[in-house]
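Since the structure comes first, as structure tokens, the remarks are kept for the end.
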């Protein structure tokens with residue numbers, strides 16, 4: 001069975017009622033939370049337990065996937081000079097297992113992955129998780145605050161433009177241009193672990 005389209009969404013500072021309306025608008029049946037730390041001081045309605053309870057009332061299943069698909073790894077091997085490396089996280093067995101669970105669930109239910117950031121380009125859910133989903137042949141679209149869906153291909157065009165990566169280059173393949181855009185955007189937003197900042201790359205010791 002082929003996987004259905006997977007959605008992504010950020011809870012941002014949305015009122016919970018609006019957030020639930022966005023999920024209902026797009027017929028989301030399962031919300032996979034990919035936050036490493038599923039709590040928000042500014043928006044306690046999105047704390048793990050509170051969100052789970054609210055989603056149950058809306059007949060939406062809550063699936064915490066922060067351990068598998070979160071961006072704040074506890075393993076120093078997943079960092080380069082203190083900045084988390086998405087390719088290294090994506091290569092781990094834990095991440096691959098989590099991704100497989102998302103793909104399997106998406107085959108039978110409308111699923112959205114959720115993190116905190118409003119803009120998908122500013123979030124690891126795009127640069128790590130949805131990138132891997134697309135590489136596994138899964139269609140992805142991003143839910144924006146006004147309710148419209150942005151196909152992942154359109155988001156990639158925005159990512160290239162933001163980072164000065166051309167749509168075509170005689171000396172580079174499309175895969176190379178795609179990887180360059182991901183790398184540049186990741187350098188902008190990837191989590192930096194303070195105690196590892198400036199530390200040598202573990203793989204080069």
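The values are calculated or read from the model by the stated rules, or taken from the named source; none is laboratory data. Predicted, not measured: the structure shown is a model, and the values here were computed from it. Virtual Cβ from ideal backbone geometry, glycine too; neighbours counted across all protein chains shown.
Please tell me if residue 42 is at pLDDT below 95, over 23 Å from residue 89 (Cα atoms), in contact with a helix residue (DSSP H, G or I) (Cβ under 9 Å, 6 or more places away or on another chain) and surrounded by fewer than 17 Cβ atoms within 10 Å (Cβ to Cβ).
Considered against the rule, which asks whether it is at pLDDT below 95, over 23 Å from residue 89 (Cα atoms), in contact with a helix residue (DSSP H, G or I) (Cβ under 9 Å, 6 or more places away or on another chain) and surrounded by fewer than 17 Cβ atoms within 10 Å (Cβ to Cβ), residue 42 comes out as no.
Just to check your reading of the model, which residue among 147, 137, 98 is touching a helix residue (DSSP H, G or I) at 6+ places or on another chain (Cβ under 6 Å) and outside any helix (DSSP H, G or I)?
147
Only one of these conditions is not met by residue 67: (1) farther than 22 Å from residue 128 by Cβ; (2) free of Cβ contacts under 8 Å to residues at least 40 places away in the same chain; (3) in contact with a helix residue (DSSP H, G or I) (Cβ under 8 Å, 6 or more places away or on another chain). Which number is it?
(1)
So residue 148 clears everything in (1) more than 24 Å from residue 14 (Cα to Cα); (2) surrounded by fewer than 22 Cβ atoms within 10 Å (Cβ to Cβ) except one condition, right? Which one?
For residue 148, the exception is condition (1).
Condition check ((1) free of Cβ contacts under 8 Å to residues at least 24 places away in the same chain; (2) in a helix (DSSP H, G or I); (3) closer than 20 Å to residue 23 by Cα) across all residues:
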residue: 89; (1), (2), (3): no, yes, no
residue: 109; (1), (2), (3): no, no, yes
residue: 118; (1), (2), (3): no, no, yes
residue: 121; (1), (2), (3): no, yes, yes
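Is it the case, given these coordinates, that residue 150 is within 12 Å of the chain's Cα centre (by Cα) and under 29 Å from residue 39 (Cβ atoms)?
No, not satisfied.
Please tell me if residue 105 is part of a helix (DSSP H, G or I), closer than 22 Å to residue 24 by Cβ, under 12 Å from the mean Cα position of the chain (by Cα) and modelled with pLDDT of 95 or more.
no
Any chance you could count how many residues in the stretch 53-82 are under 19 Å from the mean Cα position of the chain (by Cα) and surrounded by 17 or more Cβ atoms within 10 Å (Cβ to Cβ)?
Total satisfying the criteria: 12.
For the stretch 181-201, state whether one or more residues are touching a helix residue (DSSP H, G or I) at 6+ places or on another chain (Cβ under 9 Å), assigned to a strand (DSSP E or B) and at pLDDT 95 or above.
Looking through the stretch 181-201, none of the residues is touching a helix residue (DSSP H, G or I) at 6+ places or on another chain (Cβ under 9 Å), assigned to a strand (DSSP E or B) and at pLDDT 95 or above.
Every residue in the stretch 123-134 that is assigned to a helix (DSSP H, G or I) and touching a strand residue (DSSP E or B) at 6+ places or on another chain (Cβ under 8 Å), please.
If the condition is that a residue be assigned to a helix (DSSP H, G or I) and touching a strand residue (DSSP E or B) at 6+ places or on another chain (Cβ under 8 Å), then 124, 125, 126, 129, 130, 133, 134 are the ones that fit.
Run residue 140 past the list (1) in contact with a strand residue (DSSP E or B) (Cβ under 7 Å, 6 or more places away or on another chain); (2) farther than 19 Å from residue 178 by Cβ and report the number of the one that doesn't hold.
Of everything listed in (1) in contact with a strand residue (DSSP E or B) (Cβ under 7 Å, 6 or more places away or on another chain); (2) farther than 19 Å from residue 178 by Cβ, residue 140 misses just condition (2).
Could you run through the stretch 14-59 and say how many residues are in contact (Cβ under 8 Å) with a residue 60 or more places away in the chain and under 11 Å from residue 116 (Cβ atoms)?
The number of residues fulfilling the criteria is 6.
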